[in-house]
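Here's the structure we're looking at; comments come further down.
Since every read-out is calculated from the coordinates, none of them should be taken as a lab result. Everything quoted here is computed from the prediction, not taken from an experiment. Here Cβ is always computed from backbone atoms with ideal geometry, including for glycine, and neighbour counts include all displayed protein chains.
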Amino acid sequence: MNDQDVPIAVVATQVAPRTKLSNYPEPFVSRMEGREKRLLGNLFGISNFGVNLTRLLPGASSALRHAHSKQDEFIYILHSHPMLLTDAGETQLSPGMCAGFKAGTGNAHQLVNRTSEAVSYLEVGDRSAGDSAVYPDDDLQALLVDGKWQFAHKNGSPY
């Protein structure tokens with residue numbers, strides 16, 4: 001991307017959503033139906049961290065419940081009332097609330113939309129090399145290699 005391709009400013013909701021549903025392998029990628037991400041950070045050529053405007057339709061979830069080894073994550077709720085699931089239990093969120101997930105704590109997290117209206121929120125995460133993710137509720141683990149996620153079963157065999 002060169003400087004001529006980078007906009008000065010945009011209306012976030014007018015940025016085209018990512019066409020790929022998820023990086024997860026099947027059978028997990030289909031569980032991301034109803035999630036729409038607009039990759040705002042990439043649009044500006046930001047490479048040290050990601051910023052996404054994410055929308056969850058009723059019944060959708062942000063991701064599989066997961067925890068990162070090196071990537072810090074932060075969310076800020078813009079619209080509606082998603083349920084935050086962590087190792088500590090469930091927390092109802094509302095517009096204006098935010099939550100952060102420090103890398104390496106093992107505290108797995110996920111947002112779920114149990115309402116009848118779409119949820120929207122901003123998510124920010126760094127792009128630390130050598131990151132890995134664990135998924136306590138699923139037979140999945142992930143390793144970030146050269147900027148791409150590689151997925152395997154918990155026993156180490158690849159998907």
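Charged neighbours of F49, selected by a Cβ distance under 14 Å, balance to -3 (K, R count +1; D, E count -1). Seen from Q92, the other residues with C-beta closer than 15 Å to its C-beta sum to a net charge of -1, counting Lys and Arg as +1 and Asp and Glu as -1. Label sites at F74 and S47, each approximated as a point 7 angstrom past Cα along Cα to Cβ, lie 2.2 nm apart. Would you please give the FRET efficiency between S116 and I8, computed as 1/(1 + (r/R0)^6) with r the Cβ-Cβ distance and R0 = 41 Å, to the nearest 0.05? The formula returns an efficiency of 0.65 here.
Please report the net charge: other residues with Cβ closer than 13 Å to the Cβ of A67, K and R +1, D and E -1.
On the way: positive: R65, K70, K102; negative: D72, E73, D87, D131, D137, D138.
The answer is -3.
Using C-alpha pairs under 8 Å with a sequence gap of at least 6, the mean separation divided by the residue count of the stretch 14-67 gives a relative contact order of 34 percent. How many percent of the alpha carbon pairs in the stretch 1-78 exceed a separation of 17 Å? So the portion of pairs separated by more than 17 Å is 55 percent. The S94 and E26 beta-carbon pair, evaluated with R₀ = 41 Å, returns a calculated FRET efficiency of approximately 0.75.
Report relative contact order for the stretch 3-132 in percent, whole number only (criteria: Cα-Cα under 8 Å, sequence separation at least 6). Can you show the working numbers first?
On the way: 297 pairs, mean separation 36.0, N = 130.
That works out to 28 percent.
Would you work out the charge dipole size for the chain about its Cα centre, treating the Cβ of every Lys and Arg as +1 and the Cβ of every Asp and Glu as -1, and quote it to the nearest 20 debye?
Values: 14 positive and 17 negative charges, 27 e Å.
Taking the Cα centre of the chain as origin, the dipole is about 120 debye.
Under the 0.36 nm per residue contour assumption, what length would be gained going from the current alpha-carbon distance of A16 and D139 to full extension?
Here the segment from A16 to D139 would lengthen by 41.1 nm.
Comparing the stretch 3-132 with the 2.2 N^0.38 Å rule of thumb, its C-alpha radius of gyration ratio is 1.04 (two decimals). Extension gain, L57-S157: 0.36 nm per intervening residue step, less the Cα-Cα distance, totals 32.7 nm.
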